[in-house]
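Read through the structure below, which is laid out as structure tokens, and then see the notes.
Where a number appears in this text, it was derived from the coordinates with a stated rule and is not lab data. The structure presented is a predicted model; accordingly, all values stated were derived computationally and were not measured. Every residue, glycine as well, gets a Cβ built from its backbone with ideal geometry; the counts of neighbours run over all protein chains shown.
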Amino acid sequence: VTLLAQPTGQAPSAEVEALVRRGDRLWITGSLVAGLGILGPVGGAMLLHAYRLLRRAQRHGATIRPWAVSIIGAMWLVDVAENVGWAVDFFAHDTELAQTFFSGWGQLFDAAYYKNYNALSAGGPAAAGEKAFEVMMVCFLLPMRLATGIAFLQMKRWGAHFMAVTAWMYFMFWIGYTANMSMDFMNRFGTSLFGVTGWWVYDIGFVAVPFIVIPYLYTADRGVMEAGH
Amino acid sequence: VNPLEELRTLPRVHRVLVLVAFAFLVHKILVGPATVIYILTRFGWGYGLEP
């Protein structure tokens, strides 16, 4: 998919094509693994290896997708994978794993995940609005963003267009989420170890995503928005 | 072209966006494991378990 053209006018060899496909698959898988908590460095190593494969293919004459697209797409997919942690809270908040890490995380950043954890009817954080945003993200936005991130990296046209749509959804999500959590500020951040500053240091990487992706997509050249099929 | 050469050819806005995206990519890769390790070393496994 990413073998767009050959500068020499010759078709790339089957070996080079295979190298690009391997590099592509590894780039996507590495991005997803990199967002899975403790596996972050493993995903980082996979991304580095994918980079090496793609560079080797490039040196052998393959024209691969622009690196800007690869980096934006990887950031997007790492972000999606990090939201899987929220799915653990949503579906498995009674497990030891969830109670250990969410209570710990709540103690550090957002006490809704610490004080009275699992006390409400749906379980998880003791903040009703939080759960509504969790449903929005885990059941709808996360799978949509996963599909669009992969399609974007495969340079499919619908991937780029659907990324713009879901980036706007993500933008609106953050407006609602930050407004909602501010309503219960004292309870959630007045009692956490690192407070609201800590929350922003941890979460800035999530909140920033639509603010990077939206301007990029709307100013990207036609090669990005109209490549593929 | 390698990524740095490609970066130089990009319009300034894209250059900034890609650099910021790369910075957040690294931030995202590191923040997860760092938090997990911090929680385990500071609070230990089973912290927050219901009695």
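If we count every other residue with Cβ under 13 angstrom of A:Met181's Cβ, Lys/Arg +1 and Asp/Glu -1, where does the sum land? List each step's numbers first, then the result.
Values: positive: A:Lys131, A:Arg188; negative: A:Asp110, A:Glu130, A:Glu134, A:Asp184, A:Asp203.
Net charge around A:Met181: -3.
Let's test the formula: R0 of 25 Å, r as the Cβ-Cβ distance of B:Trp45 and A:Ala119. What FRET efficiency results, to the nearest 0.05?
0.70
Hey, what number do you get for chain B at 222 nm if only DSSP H runs of n ≥ 4 count, each worth -39500 (n - 2.57), divided across all residues, to the nearest 500?
So the calculated ellipticity at 222 nm is -25500 deg cm²/dmol.
Taking the 0 to 90 degree range and rounding to the nearest ten, how far is the long axis of helix B:12-42 tilted relative to the main principal axis of chain B, both from C-alpha atoms?
10 degrees
Can you list the HN-Hα couplings for region A:195-204, worked out from phi with the Karplus curve (6.51, -1.76, 1.60; θ = phi - 60°), rounded to whole Hz and with x for Gly and Pro?
Coupling constants for region A:195-204: x, 5, 5, x, 4, 5, 4, 6, 9, 4 Hz.
Can you sort A:Tyr113, B:Tyr38, B:Tyr47, A:Tyr170 from fewest to most other Cβ atoms within 10 Å of each residue's own Cβ?
Going from sparsest to densest Cβ surroundings: B:Tyr38, B:Tyr47, A:Tyr170, A:Tyr113.
Quick one: order A:His60, A:His93 by neighbouring beta-carbon count within 10 Å, fewest to most.
Lowest count first: A:His60, A:His93.
Quick one: B:Val13, A:Val16, fewest Cβ neighbours within 10 Å first, how do they rank?
Details: B:Val13 11, A:Val16 19.
With the fewest neighbours first, B:Val13, A:Val16 line up as B:Val13, A:Val16.
In degrees, nearest 10, range 0 to 90: what is the angle between the Cα axis of helix A:14-34 and the longest Cα principal axis of chain A?
Helix A:14-34 and the main axis of chain A meet at about 10 degrees.
Would you pull out the residues with amide H under 5 Å of A:Ser192's amide H, same chain only if 5 or more places away, H placed 1.01 Å from N?
It is A:Ala111, by chain and number.
Sequence neighbours fewer than 8 away in the same chain don't count; with that in mind, list the lysines whose C-alpha is under 27 Å from A:Lys115.
Filter leaves A:Lys131, B:Lys28.
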